[in-house]
Amino acid sequence: DAKTTQPPSMDCAEGRAANLPCNHSTISGNEYVYWYRQIHSQGPQYIIHGLKNNETNEMASLIITEDRKSSTLILPHATLRDTAVYYCIVRALMQTGANNLFFGTGTRLTVIP
Amino acid sequence: DAGVTQSPTHLIKTRGQQVTLRCSPKSGHDTVSWYQQALGQGPQFIFQYYEEEERQRGNFPDRFSGHQFPNYSSELNVNALLLGDSALYLCASSLLGAETQYFGPGTRLLVL
């Protein structure tokens, strides 16, 4: 699985958009970009994933550059409950094999009142 | 629909002891993965079970073993506990080959 690089920490004002970057310059053509977050002392929570197109769900938007070497997770209106560690993970999907996640150290997002 | 559940929530053991942690997957899921998360680090993959067999293993010693039951629930066993085994142990479930894993709340193990 490709390695990812994220800033260790970021702050965001409550109500503003939080833009979390991730570099994955060695990503392969069959590897997806996943985002999970972990609120203090809880299990990781799935946010969103994508292959090459931008994706949006009720939680966030994922913008993947055309060369797929980087991506940005966007929380459109950050709230205090969005304070968490955000993990960007790239991995291939295998039909018959294990599809496990290899976490880095993530970005600690702090939403400020 | 219950999500992934784990028991116990907290556990204290002493060095050399053995521990068993339990996980019930999300309804409809057939695959269980276990992760270890040390303080301040991201989760590290231990192993994955499907059809009651270990399908993939991370870089963990044989002291870490597991089991999956016919109802898809799973156990993680750690023998000869070391101080360094103190961590949050996370269980994640999915359908084999599916896109998303869902995590339980974890079991926090403290080895004294």
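The values are calculated or read from the model by the stated rules, or taken from the named source; none is laboratory data. Note that the structure is predicted; figures quoted are calculated from it, not measured. Glycine also receives a Cβ, built like all others from the backbone with ideal geometry; neighbour counts cover every protein chain displayed. Note: accessible area is taken over every heavy atom of the protein model, side chains too, but ligands, DNA and RNA are not part of it. Shrake-Rupley method; radii C 1.70, N 1.55, O 1.52, S 1.80 Å.
Ordering B:His10, B:Phe69, B:Phe103 by Cα displacement along the dipole of chain B toward the positive end leaves B:His10 in first place; charges were set at the Cβ atoms of Lys, Arg (+1) and Asp, Glu (-1).
In the context of the full set of protein chains, residues of segment A:1-65 present 54 Å² of accessible surface per residue (probe radius 1.4 Å, heavy atoms only).
In terms of accessible area, using a 1.4 Å probe and ignoring ligands and nucleic acids, A:Lys52, B:Lys13 rank largest first as A:Lys52, B:Lys13.
Counting only protein chains, not ligands or nucleic acids, how are B:His10, A:His40, B:His29 ordered by accessible area (probe 1.4 Å), most first? Mind dumping the intermediate values first?
On the way: B:His10 125, A:His40 160, B:His29 20 Å².
Ranked list, largest accessible area first: A:His40, B:His10, B:His29.
Please give the total accessible area that chains B and A bury against each other, computed with a 1.4 Å probe and expressed in Å² to the nearest 100.
Working: alone 6140 and 6660 Å², together 11040 Å².
About 1800 Å² of accessible surface is lost on pairing.
Taking 7 Å steps out from each Cα toward its Cβ at A:Asp67 and A:Arg16 produces label points 2.9 nm apart. A cysteine counts as unpartnered when no other cysteine's C-beta lies under 4.7 Å of its own; in the protein assembly as shown this applies to A:Cys12.
In the assembled protein chains, B:Val111 presents an accessible area of approximately 10 Å² (probe radius 1.4 Å). The solvent-accessible area of A:Thr65, taken with every protein chain present and a 1.4 Å probe, is close to 50 Å². For the peptide B:24-34, the mean number of other protein chain Cβ atoms found within 10 angstrom of a residue's Cβ is 1.
Please give the charge dipole size of chain A, origin at the Cα centre, charges +1 on K and R Cβ atoms and -1 on D and E Cβ atoms. Round to the nearest 20 debye. Walk me through the numbers before you get to the answer.
Values: 9 positive and 9 negative charges, 34 e Å.
Roughly 160 debye for chain A.
Taking a 1.4 Å probe, which of B:Ser65, A:Ser41 shows the most accessible area, and what order do the others take after it? Each step should come with its number before you reach the end.
On the way: B:Ser65 40, A:Ser41 65 Å².
Order by accessible area, largest first: A:Ser41, B:Ser65.
The label point for B:Leu110 and the one for A:Arg108, both projected 7 Å from the Cα toward the Cβ, are 2.1 nm apart.
Once you charge only the Cβ atoms, +1 for Lys and Arg and -1 for Asp and Glu, what is the size of the charge dipole of the protein assembly as shown about its Cα centre, to the nearest 20 debye?
Working: 17 positive and 19 negative charges, 119 e Å.
It comes to approximately 580 debye.
Compactness of chain B is given as radius of gyration and Dmax, 13.1, 39 Å, from Cα positions. Dipole magnitude for segment B:1-62: computed about the Cα centre from +1 point charges on Lys and Arg Cβ and -1 point charges on Asp and Glu Cβ, it is near 380 debye. Could you grab the relative contact order for chain A? Cα pairs under 8 Å, six or more apart, rounded to a whole percent. Taking the mean separation of contacting Cα pairs over the length of chain A, I get 37 percent.
Volume per residue, Å³, of the convex hull around the alpha-carbon atoms of the protein assembly as shown?
Dividing the Cα hull volume of the protein assembly as shown by its residue count gives 122 Å³.
Ellipsoid fit via the Cα gyration tensor, chain A: semi-axes of 23, 15, 12 Å, each the root of five times an eigenvalue, largest first. Sequence-distant contacts, meaning Cα pairs under 8 Å at least 6 residues apart, place the relative contact order of chain B at 37 percent. Counting, for every residue in A:41-47, the Cβ atoms of other protein chains within 10 Å of its Cβ and taking the mean gives 6.
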